[in-house]
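I have placed the structure first, in the form of structure tokens, so that the comments after it can refer back to it.
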Amino acid sequence: MAPSVSDIKEQPAQSNEDSIQQIKGKLQKGVLPPAPARARLEKAGIDYKEGYPFYPEPPKYKQEVAQIRAEERGYVDPGTRADPEKKALFGAAKEVKNLTRHIGTEIVGLQLKDLNDKQKDELALLIAERTVVFFRDQDISPQEQRTLGEHYGVIEIHPQAPQVTGVPGVSLVWLDALSASAEKKHLNPWPSRNFRLAYPSGTFGWHTDLVHEPYPPGVTHLHQDSVPEVGGDTLWASGYAAYDKLSPTFRKLLDGLNGIYRSAHKYLDKENPDAPPSFVERVHPLVRTHPATGWKSLFINRSMTVGIEGLDKAESDAILNYLYDVYERNVDIQVRWHWTPGTSALWDNRTSIHTVSWDYEGEFGRHGTRVSSLAEKPFFDPSSKSRREALGLGP
């Protein structure tokens, strides 16, 4: 069984600098970021001309990956400290707009880099409740983005994803760099992407980040400084609402079950080095409780949930495929966001899946910086309620 909320010790998140360590790797030569990104990097004092981005030296064995950030630690969600009415955050904004009934809010008139701690806590609670929150026209450097992320948890330093030069923990969303590097093409998840097959056959790109981690991300912050004028939207779906779509009897069946989750990349097995590379796997609850809202959410995604613990493959596949369809096909529990340069999205990985609309083939690509803040070890509290139950909206 997954640990209950009473098993999670309330300790502060790891200190900022303890989570940022220099790692081995090398700079890529000969590829320049888009002009808007260059202007942002120059303003931040980041030298991209000597090489950009920075590629960490990837781990070789799955045993090494399984131990990354695996030490026991407590976590206190900043949203638990927040004023439920969010007066400090909302009072400073020009406008707060809910984009759909179940998911997505846009805040107008605030700069993320200027938020005080009280406002940051209230933003954490808003993200927990609304799943994803958007801010346009943000003047924020990669360093400031990382500092904000440190308020929400230990910063994830990806063992092989490209990063902003000199700023560990700020990963890049920039496939153009991978496509231009013959050495790094293996890191591109869709090297032969085209209109007909924008994603691997049979999938549509829906996923949750880093589910193989023992402490997966809570808040993730993606800032897009360079985007195509048309296309490249991102879609999110609500795990709270997907759970609420299920019948009460089916929910009882799922409550307390554990899922099996895999990494995005394959690695060699140190104990059997002649075997082909394989994924790192981790067990987490299939339905998890959010520590700030107390609401239940589905914690699955088609890309990286590979089974249900204790069930035969046929049984597991039947249940998971149905849950994927509920999560991915109900458009009323989704929000679609069109990016403009300088936009930030902060979402809760614990209660969502997301995907990109790859409809900008041959056009100007996307360049963004991502900071993921690791949260608690996923848990299921049998006494927790669904979102609709908690809000009095019905069973």
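The values are calculated or read from the model by the stated rules, or taken from the named source; none is laboratory data. Computed from a prediction, not measured in an experiment: that's the story for all the values here. So basically every Cβ, Gly included, is an ideal-geometry build from the backbone, and we count neighbours across all protein chains shown. For the accessible areas, the whole protein counts, side chains as well, though only heavy atoms, and no ligand, DNA or RNA atoms are used. Shrake-Rupley method; radii C 1.70, N 1.55, O 1.52, S 1.80 Å.
Across the range 226-261, which residue is farthest from Thr105 (Cα to Cα) among those that are in contact with a helix residue (DSSP H, G or I) (Cβ under 6 Å, 6 or more places away or on another chain) and in a helix (DSSP H, G or I)?
Per the stated criteria, the residue is Asp244.
Results for (1) assigned to a strand (DSSP E or B); (2) at pLDDT below 95; (3) not small (Gly, Ala, Ser), shown as yes or no for each residue.
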site: Glu281; (1), (2), (3): yes, yes, yes
site: Arg302; (1), (2), (3): no, yes, yes
site: Ala314; (1), (2), (3): no, no, no
site: Val326; (1), (2), (3): no, no, yes
site: Phe380; (1), (2), (3): no, no, yes
site: Leu393; (1), (2), (3): no, yes, yes
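Would you be able to tell me the number of residues in the range 126-140 that are open to solvent by less than 20 Å² (accessible area, probe 1.4 Å) and part of a loop (DSSP other than H, G, I, E, B)?
Residues meeting the conditions: 3.
Filter the range 340-358 for residues that are closer than 24 Å to Ser141 by Cβ and in contact with an Asp or Glu (Cβ under 7 Å, 6 or more places away or on another chain); which is most open to solvent (accessible area, probe 1.4 Å)?
Here the residue is Pro341.
Considering only the range 127-138, state which residues are in contact with a helix residue (DSSP H, G or I) (Cβ under 7 Å, 6 or more places away or on another chain) and on the phi < 0 side of the Ramachandran plot.
Selection gives Ala128, Val133, Phe135, Gln138.
Within the group Ala88, Ala66, Ala44, which residue is closer than 20 Å to Val154 by Cα and either within 25 Å of the chain's Cα centre (by Cα) or buried (at least 18 other Cβ atoms within 10 Å of the Cβ) (or both)?
Ala66
Residue by residue, here is whether (1) crowded, with 20+ Cβ neighbours inside 10 Å; (2) out of contact with any Asp or Glu (no Cβ under 9 Å at 6 or more places or on another chain); (3) among the small types (Gly, Ala, Ser); (4) under 17 Å from Pro217 (Cα atoms) holds:
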| position | (1), (2), (3), (4) |
| --- | --- |
| Thr249 | no, yes, no, no |
| Asp269 | no, yes, no, no |
| Ala275 | no, no, yes, no |
| His284 | yes, yes, no, yes |
| Thr293 | yes, no, no, yes |
| Ile300 | yes, yes, no, yes |
| Thr305 | yes, yes, no, yes |
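Is it the case, given these coordinates, that Leu393 is open to solvent by less than 10 Å² (accessible area, probe 1.4 Å) and hydrophobic (A, V, I, L, M, F, W, C)?
In short, no.
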